[in-house]
Amino acid sequence: MLLKKLLPLLLILGSLTALAKADEQETPVAYYHASVLMYHHISTSTPPSTSTSPADFIQHLDMLEKDGFEVWPIDRVARQIKRRRPMPDKVAVITFDDGYISVYKEALPILKERELPFTIFVNADPINEKRPLYMSWAELKEAQEAGGIIANHTLSHTHLIRKLDDETEEAWLKRVEHEIAANQQEIIKHLGSAPKIFAYPYGEYNPEIQKLVQKMGYIAFGQHSGAASPYTNITSLPRYAANGTSANPTSLRTKLHALPFPVVNEEPVTAVLDGSNRRPSLKLTVMPGEYRIKQFRCYGPNAELLQVSRKTLADGNLEINVTSDKDLHTGRPRYNCTAPHKTQNRYFWFTRQWLMPQANGDWYNY
């Protein structure tokens, strides 16, 4: 008798589950993405290249609301990407690197008023040293209580990819591990909790550091542009810079609406160069998608058009080779690749950030 009563309910639940799975399967994985925004200073009196004016910051938030974006906490987005679970088409994440005092003074009141989640990636050393440009632990606690996530950005904001003089591979990786683990301990000590979410200082990493970060249980973010998605490595998720010249609302809107290319392989695996190769080649293996391949374009650090060749592989994927006919500058130059959507007014977007030392192999000082 009980089974007869439960049978209709079980049939309904089964049908709903089947419909949900069918809907999930019909949703292109490219749409399981989020646009993660990266800020530093929110001020007009700090270095322009890493600053966003309060007026521009407000305009960015107004744009998110007007364009129908949902602002999610970073840990929710990370979980969805890691599990390859669907997200709405318009999801944004707000992040701040370094924990500058201007974020507390200018951004926090606005975020509290709008009840928006956000993340601040912090380094414990400048906080403990009470440097005037940085938030205190008390101010970070206030940000945390207002809905902010305080996450790991290393202890001292060092260039992780650089070995010290006469430092062995093992000693270097131990030092990198300490930078992350000790900083996590400091955040937990002062704020009570910290997620296993990490942002690379300067956006610098290599495969060895990625393996270490993964072993330590972290999801990690870089500073290269693109939408975070299942196509991006969980230890090198991209973010869109929203400071300096990238704070321009028009160009930022284009990036916010961009989709990730379905890149299944990229070579070379490491973005770290030795300084002698000033014109690195990039090879991408890309699945078919809703992009206009004939309008696929890649641009260098000065917006110059790069040389692109492509061929269709036996499995139906595309192999795309990108080269530059000009030397790249020392620092963190980028190849930005885009293609328009076949039917929508938006682009697919992919960025490779290179780490280029000087010609003699010495590292840059910024």
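Amide H to amide H distances under 5 Å link ALA151 with ILE120, PHE121, VAL122, where only residues 5 or more positions off or on other chains count and H is placed in the peptide plane.
Computed from backbone phi with θ = phi - 60° and the Karplus coefficients 6.51, -1.76 and 1.60, the 3J(HN,Hα) list for the stretch 32-48 is 8, 9, 9, 9, 9, 8, 10, 10, 10, 7, 10, 6, 9, 10, 10, x, x Hz; x is used for glycine and proline. Sequentially through the stretch 181-196, phi angles give Karplus couplings (6.51, -1.76, 1.60; θ = phi - 60°) of 5, 5, 5, 4, 4, 5, 4, 5, 4, 8, 10, x, 7, 7, x, 7 Hz, Gly and Pro residues having no value and appearing as x. Rounded to the nearest whole angstrom, the semi-axes of the ellipsoid equivalent to the stretch 50-141, taken from the Cα gyration tensor as √(5λ), stand at 26, 18, 10, largest first.
The Cα atoms of the chain cover 77, 54, 44 Å along the three principal axes, with the biggest extent listed first. As a rough guide to protection, the peptides 44-51, 72-79, 291-298, 304-311 ranked by mean Cβ packing within 10 Å, highest first, stand as 72-79, 291-298, 44-51, 304-311. Here the label points at ASN206 and ARG162, each 7 Å from Cα along the C-beta direction, are separated by 1.4 nm in the simple model. Overall, the stretch 59-190 carries a charge dipole of about 500 debye about its Cα centre when +1 sits on the Cβ of Lys and Arg and -1 on the Cβ of Asp and Glu, all other atoms neutral. In the chain, if the dipole is taken from +1 on Lys/Arg beta carbons and -1 on Asp/Glu beta carbons about the Cα centre, which of SER51, VAL264, THR95 is farthest to the positive end? Of the candidates, VAL264 comes out farthest on the positive side.
Put a plus charge on the Cβ of each Lys and Arg, a minus charge on the Cβ of each Asp and Glu, and nothing anywhere else: the dipole of the stretch 255-366 about its Cα centre is then about 460 debye.
With K and R counted +1 and D and E -1, the other residues having a Cβ less than 13 Å from that of GLU304 yield a net charge of +2.
With an a/c value under 1.5 for the gyration tensor axes a ≥ b ≥ c computed over the alpha-carbon atoms, the stretch 198-305 is described as rounded. Only lysines eight or more places from LYS342 in sequence, or on another chain, were considered; those with a Cα closer than 30 Å are LYS21, LYS66, LYS82, LYS90, LYS255, LYS283, LYS294, LYS311. The charge dipole of the chain, taken about its Cα centre with unit charges on the Cβ atoms of Lys, Arg (+1), Asp and Glu (-1) only, comes to about 1200 debye.
Annotation: amide H of LEU355 within the under-5 Å range of VAL272, LEU273, sequence separation 5 or more or interchain, hydrogens built in the peptide plane.
On the principal axes of its alpha-carbon atoms, the stretch 324-365 has extents of 48, 22, 9 Å, going from largest to smallest. Shape class for the stretch 242-366: oblate, because the ratio a/c of the largest to smallest gyration tensor axis (alpha-carbon atoms, square roots of eigenvalues) is 1.5 or more and b/c is at least a/b.
Amide H contacts under 5 Å for ILE42: THR52, SER102, VAL103, restricted to partners 5 or more places along the chain or on a different chain, H placed in the peptide plane at 1.01 Å from N. Report the local net charge at PRO340: Lys and Arg +1, Asp and Glu -1, summed over other residues whose C-beta lies under 13 Å from its C-beta. My count for the surroundings of PRO340 gives +4. Here the contact order of the stretch 85-242, divided by its residue count and restricted to Cα pairs under 8 Å and six or more residues apart, works out to 18 percent. Couplings 3J(HN,Hα) for the stretch 56-62, derived from phi with the Karplus relation 6.51 cos²θ - 1.76 cosθ + 1.60 (θ = phi - 60°), are 5, 4, 4, 4, 4, 5, 4 Hz, where x marks Gly and Pro. Taking every DSSP beta bridge that has both ends in the chain, the antiparallel portion is near 55%.
Straight-distance candidates among the aspartates and glutamates for linking to LYS326, with alpha-carbon spacing under 13 Å and chain neighbours fewer than 8 residues away dropped: GLU304.
Heavy-atom accessible surface of ASP67, to the nearest 10 Å², is about 20 Å², with a 1.4 Å probe and all protein chains retained. With a ≥ b ≥ c the root eigenvalues of the C-alpha gyration tensor of the stretch 113-160, is it rounded (a/c under 1.5), prolate (a/b larger than b/c) or oblate? It is oblate, given that a/c is not under 1.5 and a/b is not larger than b/c.
The values are calculated or read from the model by the stated rules, or taken from the named source; none is laboratory data. None of these values were measured; they are calculated from a predicted model. No Cβ is skipped: glycine too gets one built from the backbone with ideal geometry, and neighbour counts run over all protein chains shown. Note: accessible area is taken over every heavy atom of the protein model, side chains too, but ligands, DNA and RNA are not part of it. Shrake-Rupley method; radii C 1.70, N 1.55, O 1.52, S 1.80 Å.
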